[in-house]
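Notes to accompany the following structure.
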Amino acid sequence: MASSTAEYIQHHLTNLTYGRFPDGTWGFAHNAEEAASMGFMSINVDSMGWSIGLGLIFAFLFRRAAATATSGVPGGWQNFVEMIVDFIDETTNDIFHHKNDLIAPLALTIFVWVFLMNLMDLIPVDWIPELAFLLGASHMKIVPTTDPNITMAMALTVFALILYYSIKCKGGLGFLKELSFHPFPPILAPVNFLLEGVTLIAKPLSLGLRLFGNMYAGEMIFILIALMFGAGAVYFIFGGVLQWAWAVFHVLIITLQAFIFAVLTIVYLAQAHDVEEH
């Protein structure tokens with residue numbers, strides 16, 4: 001039983017990976033060991049597919065709301081979209097006090113896209129993987145945010161914007177001065193540079209790893225609850241109650257993690273624009 005349980009958990013936590021095997025051939029990995037052997041020359045096809053697909057769904061739905069928007073009595077979908085846009089716009093204006101037309105749309109995109117990726121965690125853990133297996137796929141993870149490659153890719157994109165606007169707004173020399181002469185006197189520049197460098201590097205880590213850790217833990221709990229369904233009638237009923245309760249609570253986690261990622265992005269970009277001390 002322990003072996004089958006371990007295999008069940010490992011199967012649900014393994015991505016559908018395509019890459020180059022050690023012998024030079026290309027193909028899909030059939031287990032976690034083969035995926036690990038591919039190293040850098042691999043891609044998690046399921047994470048990429050679901051994240052891109054959900055991004056396109058987001059773009060389609062919001063584009064449709066904009067195309068059908070009316071100044072008269074709005075429909076339910078237009079009301080919903082306007083509510084989200086207004087909420088993100090107000091949040092951005094409260095935090096970001098500089099002129100940059102990119103920040104609010106960026107925050108909106110991050111919030112909705114991350115929310116949709118997180119939302120996939122509410123689909124029962126066996127449904128889509130079992131369907132994918134019947135179609136010939138050995139593995140299928142449908143929650144992109146449980147893959148650190150996805151969360152860190154988003155975080156590093158935000159980090160690139162932080163560096164770009166830090167240099168653009170403060171100048172290259174001003175940015176170096178910020179890293180070297182704060183918070184201690186200039187004589188302690190090496191110490192300042194070390195401390196500020198760690199703070200700077202911690203920004204993408206705080207974005208990517210926080211989202212990954214929370215969503216990975218939530219997915220693991222769903223998998224452990226699913227194991228109860230095959231352990232008898234009593235455990236089946238208890239597992240159903242637990243799954244429902246955790247799903248309700250997880251809705252809050254899903255929304256909160258998307259909001260935190262968006263808000264931290266706004267905060268970090270506001271700091272990149274801040275030139276008051278220079």
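The values are calculated or read from the model by the stated rules, or taken from the named source; none is laboratory data. Note that the structure is a prediction, hence the values are computed from the model and not measured. Methodologically, a virtual Cβ is constructed for each residue, glycine included, from the backbone with ideal geometry; neighbour enumeration extends over all protein chains shown.
What to note about this one:
- Members of the stretch 31-52 that are assigned to a loop (DSSP other than H, G, I, E, B) and on the phi < 0 side of the Ramachandran plot: 31, 40, 41
- Condition broken by residue 173, with the remaining ones in (1) at pLDDT 90 or above; (2) within 30 Å of residue 151 (Cα to Cα); (3) among the hydrophobic types (A, V, I, L, M, F, W, C) satisfied: (2)
- Complete set of residues in the stretch 76-95 that are surrounded by 13 or more Cβ atoms within 10 Å (Cβ to Cβ) and either acidic (Asp, Glu) or over 22 Å from the mean Cα position of the chain (by Cα) (or both): 77, 78, 80, 82, 89
- The stretch 215-235 - residue that is among the aromatic types (Phe, Trp, Tyr) and over 14 Å from residue 122 (Cα atoms) and, of those, farthest from the chain's Cα centre (by Cα): 235
- Condition check for residue 205: closer than 22 Å to residue 9 by Cα, touching a helix residue (DSSP H, G or I) at 6+ places or on another chain (Cβ under 9 Å) and in a helix (DSSP H, G or I): no
- In the set (1) crowded, with 20+ Cβ neighbours inside 10 Å; (2) under 20 Å from the mean Cα position of the chain (by Cα); (3) modelled with pLDDT under 95, residue 118 fails one condition alone, (3).
- Single match in 208, 197, 218, 230 (criterion: without any contact (Cβ under 8 Å) to a residue 60 or more places away in the chain, surrounded by 13 or more Cβ atoms within 10 Å (Cβ to Cβ) and not basic (Lys, Arg)): 230
- Cβ-Cβ under 7 Å pairs, at least 6 apart or on other chains, the stretch 61-76 side of a type in the set (Phe, Trp, Tyr), far side surrounded by 10 or more Cβ atoms within 10 Å (Cβ to Cβ) and part of a helix (DSSP H, G or I): 62/81
Listed here are the residues, each with its yes/no results for (1) of a type outside the set (Phe, Trp, Tyr); (2) under 28 Å from the mean Cα position of the chain (by Cα); (3) part of a helix (DSSP H, G or I).
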{"residue": "145", "(1), (2), (3)": "yes, yes, yes"}
{"residue": "152", "(1), (2), (3)": "yes, yes, yes"}
{"residue": "162", "(1), (2), (3)": "yes, yes, yes"}
{"residue": "165", "(1), (2), (3)": "no, yes, yes"}
{"residue": "169", "(1), (2), (3)": "yes, yes, yes"}
{"residue": "173", "(1), (2), (3)": "yes, no, yes"}
{"residue": "177", "(1), (2), (3)": "yes, no, yes"}
{"residue": "183", "(1), (2), (3)": "yes, no, no"}
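- Odd one out for residue 92 among (1) farther than 20 Å from residue 267 by Cβ; (2) assigned to a helix (DSSP H, G or I); (3) of a type outside the set (Phe, Trp, Tyr): (1)
- Just one residue in the set 166, 138, 180 is out of contact with any helix residue (DSSP H, G or I) (no Cβ under 7 Å at 6 or more places or on another chain), among the hydroxyl-bearing types (Ser, Thr, Tyr) and surrounded by 15 or more Cβ atoms within 10 Å (Cβ to Cβ); that residue is 138.
- Flag for residue 17 being surrounded by 11 or more Cβ atoms within 10 Å (Cβ to Cβ) and in contact with a strand residue (DSSP E or B) (Cβ under 7 Å, 6 or more places away or on another chain): yes
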